[in-house]
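S.K.: Please find one structure pasted underneath; my questions will follow.
The values are calculated or read from the model by the stated rules, or taken from the named source; none is laboratory data. These numbers come from a predicted model, not from an experiment. Cβ placement follows ideal geometry from the backbone for every residue including glycine, while neighbour counts extend to all protein chains displayed. Side chains included, ligands, DNA and RNA excluded: accessible areas come from the protein's heavy atoms. Shrake-Rupley method; radii C 1.70, N 1.55, O 1.52, S 1.80 Å.
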Amino acid sequence: FDCGGCIKGTIKRDLGCVELSVTHTEHIRVDSERQTLRESVPQEVIDYITEESNTLHAADVYHNVVTRFPAHDITCMQVYYWWGVSFQDQYRLHDDQVVSSRMLLERHRENGFHE
């Protein structure tokens, strides 16, 4: 979210519930880190990371990126950043983080999970 924090959820299928944790970070530090991670990543690499993030973990995407784009000096943290942006786009259902979380929980409730 805007503060650089996140809501992480763990789906506990055996219990039929979702466990959520909320974290916040400092705006100044996060803005500086984001700028560094966005720099020097070609659009073709960002597009590839976005495509791969639908099915692979960040570590696997990083391995594929360094194999597929050896001419670019892409770091693991840059891949993780863009993987996270893509992943967030899939699960951020509303600009308000509380509303978004409730919408996500409702989506899972429709699939048989409960709070």
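S.K.: Can you tell me which residue within segment 23-50, out of those that are loosely packed, with under 14 Cβ neighbours inside 10 Å and closer than 24 Å to Ser101 by Cα, is modelled with the lowest pLDDT? Before you say what the answer is, go through the steps one by one.
M.R.: Taking segment 23-50 as the starting set, the residues that turn out to be loosely packed, with under 14 Cβ neighbours inside 10 Å are 23-29, 31-32, 34-36, 38-40, 42-44, 47.
Then keep just the ones that are closer than 24 Å to Ser101 by Cα; that gives 23-27, 31, 34.
Numbers: Thr23: 70, His24: 63, Thr25: 59, Glu26: 55, His27: 48, Asp31: 53, Arg34: 61.
Top of the filtered list is His27.
S.K.: Would you confirm whether any residue within segment 68-76 is closer than 21 Å to Ser21 by Cβ and open to solvent by 60 Å² or more (accessible area, probe 1.4 Å)?
M.R.: Keep residues of segment 68-76 that are closer than 21 Å to Ser21 by Cβ, which gives none.
Within segment 68-76, not a single residue is closer than 21 Å to Ser21 by Cβ and open to solvent by 60 Å² or more (accessible area, probe 1.4 Å).
S.K.: Of all residues in segment 77-115 being closer than 17 Å to Leu20 by Cα, of a type in the set (Phe, Trp, Tyr) and part of a helix (DSSP H, G or I), which is farthest from the chain's Cα centre (by Cα)?
M.R.: Tyr91
S.K.: Going through segment 40-76 one residue at a time, which ones are assigned to a helix (DSSP H, G or I) and under 15 Å from Phe87 (Cα atoms)?
M.R.: Kept after step one, since they are assigned to a helix (DSSP H, G or I), are these residues of segment 40-76: 43-52, 58-68, 76.
Correct list: Ile46, Asp47, Tyr48, Ile49, Thr50, Glu51, Glu52, Ala58, Ala59, Asp60, Val61, Tyr62.
S.K.: I would also like to ask the following. Within segment 58-76, can you find the residues that are under 13 Å from the mean Cα position of the chain (by Cα) and in contact (Cβ under 8 Å) with a residue 24 or more places away in the chain?
M.R.: Ala58
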